[in-house]
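Undergrad: I have a structure I would like to understand better, so I am pasting it below and will then ask my questions one at a time.
The values are calculated or read from the model by the stated rules, or taken from the named source; none is laboratory data. Fair warning: this is a prediction, and the values are worked out from it, not measured in the lab. Cβ: placed from backbone, ideal geometry, glycine included. Neighbour counts: every protein chain shown. All accessible areas refer to the heavy atoms of the entire protein, side chains included, with ligands and DNA or RNA removed. Shrake-Rupley method; radii C 1.70, N 1.55, O 1.52, S 1.80 Å.
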Amino acid sequence: MTNVSLQEEIKMFWEYVKRNAAARAKGSRMPTQPIKLYYLPPSPPCRSVMMTARALDIDLELVLTNIMQGEHKTPEYLKMNPQHTIPTMDDSGFILWESRAILTYLVNAYGRTDSLYPKNPRQRALVDQRLNFDLGTLYKRYMDLYAPMLFHGQGYNDEAAEKLNEALGWLNSMLEGRVFVAGDTLTIADISIVVVFSNLEAFGFDFSAHENVAKWFERTKKSLEPYGYEEIDQAGARMLASFLKKE
C-alpha cells in the first residue's frame, strides 16, 4: 500500500481544482465584457442577433441607433461601419456588421456546443446555403414587397407578392422531411429566417398554403420562446407592422 503524505494530498487536490477551473473557463468562452450591439428594435436582422445571443447566454450592451434620425450616418458611426447599417457589433474592438456574419461569429467564438452552427462540413454547408438563400432570395423578396410600403407609403405590389410567394414555395420544398430548415435541430439559419415570417404574420401575409413552412414556423416560435421570441421578435414585428400605410 502506497503512503501519501498530507502535503502530497493537498498538492494533488489543488492541482485537481486548477485543472477543473481551467476546463470550466475554457468551456465557458464568454466575452470578457458585454458585446456592444448597435440596433433598432423593429429591425429583423437585429432581432435575429439578439435571440442568438440569448441562446448562447451572451450579454449584449444594446446601443439604440435611430436610423430614422440619421444616427447611423454620424462621423463616428461611419468610421466604425462605412456601410452605415444595423446591426453592427463591437466585441472589445472587433467590429462586424451583416447579421448573418455576426450569427456565425457568435457561435464560433462563444458557443459551448456547435448545435446552432454544426462543425460537420455537410451539415454546416446546409446551414450556410439556407443563410445565403435567406439573404439573396427570401429576405430580398420580402424587402422588395414591403420596403416601398414601409418607407415610401406605396401600395401593395401584386407582382412583388408573387415573387415572395415563389420563394416561400422553394423554402417549403427545402423543408420536406425536415424538422428545421437545415435538419432536425434548430440552427442559426432558422433564427435568421424566422424574423421574416414574424413580420409576414404581423403584416397579415397568408402563407398557410405552404404546409411545411407553416408547421416549421410554429415549431421554431416554440423553440425560441426561452430566448426572447415574444419580447424581441414578435414585439419588433408588431412595431414594424404599425408603420405600414393604413388603407
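Undergrad: If you check Asp190, Asp184, Asp158, which single one turns out to be open to solvent by less than 20 Å² (accessible area, probe 1.4 Å) and either in contact with a Lys or Arg (Cβ under 7 Å, 6 or more places away or on another chain) or not assigned by the TED database to the domain that holds Ile102 (or both)?
TA: Numbers: Asp184 fails: open to solvent by less than 20 Å² (accessible area, probe 1.4 Å); Asp158 fails: open to solvent by less than 20 Å² (accessible area, probe 1.4 Å).
After applying the criteria, what remains is Asp190.
Undergrad: Oh, and also: Within region 63-86, is even one residue modelled with pLDDT of 95 or more, touching a strand residue (DSSP E or B) at 6+ places or on another chain (Cβ under 6 Å) and over 24 Å from Met239 (Cβ atoms)?
TA: Yes - at least one qualifying residue is present in region 63-86.
Undergrad: Follow-up. Which residue, of Ser173, Ser242, is hydroxyl-bearing (Ser, Thr, Tyr), open to solvent by 50 Å² or more (accessible area, probe 1.4 Å) and over 26 Å from Ala53 (Cβ atoms)?
TA: After ruling out the rest, the residue left standing is Ser173.
Undergrad: Out of Glu176, Glu162, which single residue is closer than 21 Å to Glu201 by Cβ and of a type in the set (D, E, K, R)?
TA: Matching residue, one of Glu176, Glu162: Glu162.
Undergrad: Collect the residues in region 50-86 that are touching a Ser or Thr at 6+ places or on another chain (Cβ under 6 Å) and either aliphatic (A, V, I, L, M) or open to solvent by less than 30 Å² (accessible area, probe 1.4 Å) (or both), keeping them in residue-number order.
TA: Our first condition is that a residue be touching a Ser or Thr at 6+ places or on another chain (Cβ under 6 Å); within region 50-86, this holds for 71-72, 81, 86.
Those that are touching a Ser or Thr at 6+ places or on another chain (Cβ under 6 Å) and either aliphatic (A, V, I, L, M) or open to solvent by less than 30 Å² (accessible area, probe 1.4 Å) (or both): His72, Asn81, Ile86.
Undergrad: Here's another thing I want to ask about it. Quick one: how many residues across region 209-247 are closer than 19 Å to Tyr146 by Cα and in a loop (DSSP other than H, G, I, E, B)? Step through it out loud before you land on a result.
TA: Restricting attention to region 209-247, the residues satisfying the condition of being closer than 19 Å to Tyr146 by Cα are 233-247.
From the residues that got through so far, the ones that are in a loop (DSSP other than H, G, I, E, B) too are 242-247.
The number of residues fulfilling the criteria is 6.
Undergrad: Mind checking whether some residue in region 186-209 is at positive phi and either of a type in the set (A, V, I, L, M, F, W, C) or in contact (Cβ under 8 Å) with a residue 40 or more places away in the chain (or both)? Write out each step before concluding.
TA: From region 186-209, those at positive phi are 204; that's our starting set.
After this cut, where a residue has to be either of a type in the set (A, V, I, L, M, F, W, C) or in contact (Cβ under 8 Å) with a residue 40 or more places away in the chain (or both) as well, the list is none.
Looking for residues that are at positive phi and either of a type in the set (A, V, I, L, M, F, W, C) or in contact (Cβ under 8 Å) with a residue 40 or more places away in the chain (or both), one finds none in region 186-209, hence no.
Undergrad: Consider Ser99 carefully, then state whether it is open to solvent by 50 Å² or more (accessible area, probe 1.4 Å) and hydroxyl-bearing (Ser, Thr, Tyr). Show your work before the answer.
TA: Numbers: open to solvent by 50 Å² or more (accessible area, probe 1.4 Å): no; hydroxyl-bearing (Ser, Thr, Tyr): yes.
No, not satisfied.
Undergrad: Does Phe197 satisfy the criteria of being farther than 19 Å from Phe243 by Cβ, assigned by the TED database to the domain that holds Glu230, aromatic (Phe, Trp, Tyr) and modelled with pLDDT of 95 or more?
TA: Working: farther than 19 Å from Phe243 by Cβ: no; assigned by the TED database to the domain that holds Glu230: yes; aromatic (Phe, Trp, Tyr): yes; modelled with pLDDT of 95 or more: yes.
Taking the combined requirement at face value, the residue does not satisfy it.
Undergrad: Tell me which of these Tyr77 doesn't satisfy, since it passes every other one: (1) touching a residue at least 40 places away in the same chain (Cβ under 8 Å); (2) touching an Asp or Glu at 6+ places or on another chain (Cβ under 8 Å).
TA: (1)
Undergrad: How many residues are open to solvent by less than 20 Å² (accessible area, probe 1.4 Å) and in contact with a Lys or Arg (Cβ under 8 Å, 6 or more places away or on another chain) if we restrict to region 199-215?
TA: Total satisfying the criteria: 0.
Undergrad: In region 7-53, what residues are among the small types (Gly, Ala, Ser), assigned to a helix (DSSP H, G or I) and at pLDDT 65 or above?
TA: Within region 7-53, the subset among the small types (Gly, Ala, Ser) is 21-23, 25, 27-28, 43, 48, 53.
Cutting the leftovers down to assigned to a helix (DSSP H, G or I) gives us 21-23, 25, 27-28, 48, 53.
Ser48, Ala53 - these are the residues of region 7-53 that are among the small types (Gly, Ala, Ser), assigned to a helix (DSSP H, G or I) and at pLDDT 65 or above.
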